[in-house]
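Here is the structure we will look at, set down as structure tokens.
The values are calculated or read from the model by the stated rules, or taken from the named source; none is laboratory data. Given the structure is predicted, the values throughout are model-derived calculations rather than measurements. Cβ placement follows ideal geometry from the backbone for every residue including glycine, while neighbour counts extend to all protein chains displayed.
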Amino acid sequence: MSAFKNPWALALLPVLAVLAALAWTQAGRRLNSVGVPAGLPDQRSVRSMLFSVLPFWGRVLAIALLILALARPQRASRGEVPPAEGIDIMLVIDTSYSMMATDFSPYNRLDAAKNAAADFVKKRMNDRIGVTVFGGVAMLTCPLTLDYQSVLELIDSTYINMTKAEGTAVGDAIVTAVNHLKESKARSKVIVLLTDGRSNVGIVTDMAMAARTAAAYGIKVYTIGTASKGPAQIPTGDPSQPVITIDEDLDEPSLREIAAITNGEFYRAKNYVELERIYAKIDSLEKTKFEVKTYTDYTDLYMRFLAPALALLALLYLLERTYFRTVP
């Protein structure tokens, strides 16, 4: 967007146009009053015709350009200042063997969790997001970052038994996420923990203690249980036994306790649609609220008019002392 810092100067342009027209008309009348002596042909050279036009209208054009430069044309670009602090969110995803269960049609539990988590990431703005995965042990796969494309790629690359350790170490997963959030200066720190089972291995066996550790650092934990009611099937890839059946083993009371200790919420997802709704609910609860501050950056453009004006005046000065010095 372009504008003028001194728009009042533009009022000089019509004044210049009127004065130039009057001066040109007056000069033409004086020339006509002189006339051409009888018997002499009116033969005018190209140089004489240029001399009669160029110095006058060249100066008029130069003055017009100087007026435009005086008006200080500027290009304005507007932008938004992002908030200084957002929310730091650690997505904690269970990759244990039971997450292969196919009760989240058309996905298995892990693929459903990955798709829903990816949709959650795509809705965030100005919040750092990290990813921790766990099975029998927990490990950070993506540190807190604003590079959402990298987060999405790392979520997509998550796979079953990624930690190469059997079991479900929920307590270790919470503590690992806490270790990467505790030094954060964000105004809000959140863990979104997704699992389909119960903690049965790991160094931290007391999940309530892990939750109190999170609460001590002001970290809120949202827990999501991803398991349908009743038994579920896991494909084996073995033609002789295509699937095996596993019993429901979600430790809902412990997940509820973790959420309650940290002032979070517990959700139970029994299918993919419910899981999507849960992530959308968490997204709506954990939003950075701030007033958008806009700024305007101005770039002066007056040199686009000043430079040609000075160049034109210099050219006229040289022509009048060389090419137009004698006009036949």
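Miscellaneous remarks
- Between Asp111, Asp94, Asp88, the distinction of being without any contact (Cβ under 8 Å) to a residue 24 or more places away in the chain and farther than 30 Å from Leu13 by Cα belongs to Asp111 only.
- Meets criteria (among the acidic types (Asp, Glu), modelled with pLDDT under 95, closer than 19 Å to Val131 by Cα and surrounded by fewer than 18 Cβ atoms within 10 Å (Cβ to Cβ)) for Glu166: no
- Tabulated pairs, the stretch 239-260, first farther than 30 Å from Gly218 by Cβ, second basic (Lys, Arg), C-beta under 8 angstrom, 6+ apart or interchain: Glu248/Lys229; Asp249/Arg198
- Checked against the criterion of being touching a Cys at 6+ places or on another chain (Cβ under 8 Å) and either modelled with pLDDT under 90 or within 18 Å of Asn161 (Cβ to Cβ) (or both), the candidates Val131, Val137 yield just one match: Val131.
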